[in-house]
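The values are calculated or read from the model by the stated rules, or taken from the named source; none is laboratory data. Nothing here was measured: the structure is a model prediction, and the numbers come from that model. Here Cβ is always computed from backbone atoms with ideal geometry, including for glycine, and neighbour counts include all displayed protein chains. The accessibility values were calculated without ligands, DNA or RNA, using every heavy atom of the protein model including side chains. Shrake-Rupley method; radii C 1.70, N 1.55, O 1.52, S 1.80 Å.
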Amino acid sequence: MMQYKASSHIPLNYKVSPRDIVDSTSPTSPAAKGAVTEDDKPDDCGSFVSSDDEIDIEEVSEPVERYADGIYYPICIGDILAGAYRVVHKLGWGGFSTVWMAHDLKHHKLVALKIGIPGNMGERELKAQKEILRTVKDTSHHLTFLDTFSLSGVNGTHLVMVFPVRGPSLHDCSRELDAKTRMNAAKQLLVALKSLHDANIVHCDLNSGSVLWDIGNIDQYAPKMAYQIFGRPRKAPLWVQTWKIGELVKPIQVNRKLLRGNIFLADFGLAVKAGSPVNCKWQSPAIYCAPERFHDIGPSFASDMWSYMCLFAELYLGFVPFRGRSNATTLSNLVRSLGPLPPQWNGMYNAGDTPEDSWYDQTQIPYALVTLEEIVKRARPEIFHTERKLVLSVFSKVFTYLPEKRLTAAELLQNKDFNAIMELYGC
């Protein structure tokens, strides 16, 4: 069993003030004259793009105003954090963090630094991570932390979690992979979710961004080797006014040949013990959210299973079947495919939009062109009737409105139709 424990070279929750960081504005800083490695040799800090290309960097980067507002922590390639981690590239970003590739100067390996926004979100994820390490029996398909430290920013403390480097999310490249690899990922994800549920933990935020591909054992790569594999950082100055100089950096692009076919379940910042109250009942993006969560019903194992089936469909079909840019449009499209919502939910909608009376009209029938059967036929016209029947059977076991009617992760793993699909793809 692969399980990571917090390492001892930096105490957990060690706080780093701005003066403890290599100052990017200094003429001797890594960002100013090129990073200095542990053996005092200069290292590559990437390239600033031309002014004409800066818009290309901004389009794939986090919102710059979040730096001006002190929400994100400004970073430059070459910065050394906590005296132990030299930032070498950008991995990605989300609503609650930016994620950077760094070189662990003591252990001479690559790691991922997830720099959270000020507030309690980072502490929530750290608490959930510790609970997972304590209670989940098999964490081989869970992305768990190696270490933590804190950075002091203009609006408070940013918790930094140190992780192994993993690959892109399902969202980024699943369509490019062969069907066997995608179905194998679907089975691994279900196993990971079952392990989480067995420990009485609800993920609450399962979506294509919270599942990462394995890119092999790259932690021993030197930064120069990482640049050969992923390219040198392409960056633009952070033009908004901030307390510390920073850069917008284009995230790494991973060649799909590096993907090993294994997946890791990640992003446990919203995870809770089953039955725990939550402030926000519904989930974003809406296309992965179980319908009851729009109706003021809290997350549960069953709502995780709805989200899982959306991911299963995404891996099998190439897209999530119920689309929508908002909570209301997603529910409207859901009703068109599956029929009216349970009448007892009428009046319970509480997700920020205006509900439609037609959602609960029990005389409504699904639109013929957007039933699940028609969606499967259009998305996978090459499959035979027998396989299509199996897929629709699996969908029906979880894409059911009432949470108590859905199969659990353990039950779906034992379901004959689910396993028949897996056998078709050699999984």
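Just a few scattered comments:
- Test: residue in segment 121-132 that is of a type in the set (Asp, Glu) and surrounded by 19 or more Cβ atoms within 10 Å (Cβ to Cβ): yes
- Members of segment 246-261 found to be touching a residue at least 40 places away in the same chain (Cβ under 8 Å) and open to solvent by 60 Å² or more (accessible area, probe 1.4 Å), listed by number: 250, 256, 260
- Test: residue in segment 317-330 that is at pLDDT 95 or above, open to solvent by 80 Å² or more (accessible area, probe 1.4 Å) and not hydrophobic (A, V, I, L, M, F, W, C): no
- Among the residues making up segment 244-280, those that are of a type in the set (D, E, K, R), part of a loop (DSSP other than H, G, I, E, B) and either touching a strand residue (DSSP E or B) at 6+ places or on another chain (Cβ under 7 Å) or within 27 Å of residue 67 (Cβ to Cβ) (or both) are 244, 250, 267.
- If the condition is being open to solvent by 30 Å² or more (accessible area, probe 1.4 Å) and part of a helix (DSSP H, G or I), then segment 393-402 contributes 396, 397.
- As a summary of the residue check, residue 209 satisfies the conditions (1) closer than 12 Å to residue 46 by Cβ; (2) touching a residue at least 40 places away in the same chain (Cβ under 8 Å); (3) among the small types (Gly, Ala, Ser) except for the one numbered (1).
- In segment 286-310, the qualifying residues are those that are in contact with a strand residue (DSSP E or B) (Cβ under 9 Å, 6 or more places away or on another chain) and part of a loop (DSSP other than H, G, I, E, B), and the one that is surrounded by the most Cβ atoms within 10 Å (Cβ to Cβ) is 299.
- Residue that is surrounded by the most Cβ atoms within 10 Å (Cβ to Cβ) [pool: residues in segment 339-371 that are at positive phi and touching a residue at least 12 places away in the same chain (Cβ under 8 Å)]: 339
- Long-range neighbours under 9 Å by Cβ, at least six apart or interchain, first residue within 10 Å of residue 287 (Cβ to Cβ) within segment 324-338, second of a type in the set (Val, Ile, Thr): 324/287; 324/330; 330/287; 333/287; 333/370
- Residue satisfying condition, being hydrophobic (A, V, I, L, M, F, W, C), crowded, with 16+ Cβ neighbours inside 10 Å, within 25 Å of the chain's Cα centre (by Cα) and not in a loop (DSSP other than H, G, I, E, B), within set 334, 390, 407: 334
- Check on residue 322, farther than 15 Å from residue 205 by Cα and aromatic (Phe, Trp, Tyr): yes
- Counting only residues that are open to solvent by less than 40 Å² (accessible area, probe 1.4 Å) and out of contact with any Gly (no Cβ under 9 Å at 6 or more places or on another chain), segment 183-203 holds 11 of them.
- Test result for residue 277, open to solvent by 30 Å² or more (accessible area, probe 1.4 Å) and under 16 Å from residue 330 (Cα atoms): no
- Conditions (1) closer than 30 Å to residue 176 by Cβ; (2) open to solvent by less than 40 Å² (accessible area, probe 1.4 Å); (3) not basic (Lys, Arg): number failed by residue 381: (2)
- One residue from 325, 293 being farther than 30 Å from residue 176 by Cα and under 21 Å from the mean Cα position of the chain (by Cα): 293
- Contact annotation: residue pairs with Cβ atoms under 7 Å, 6 or more positions apart or on different chains, pairing a residue in segment 290-307 that is without any contact (Cβ under 8 Å) to a residue 60 or more places away in the chain with a partner that is open to solvent by 20 Å² or more (accessible area, probe 1.4 Å) and among the charged types (D, E, K, R), are 293/281; 296/281; 298/281.
- One residue from 220, 283 being in a loop (DSSP other than H, G, I, E, B) and either open to solvent by less than 30 Å² (accessible area, probe 1.4 Å) or among the β-branched types (Val, Ile, Thr) (or both): 283
- A single entry from 142, 171 fulfils the requirement of being open to solvent by less than 10 Å² (accessible area, probe 1.4 Å) and not basic (Lys, Arg): 142.
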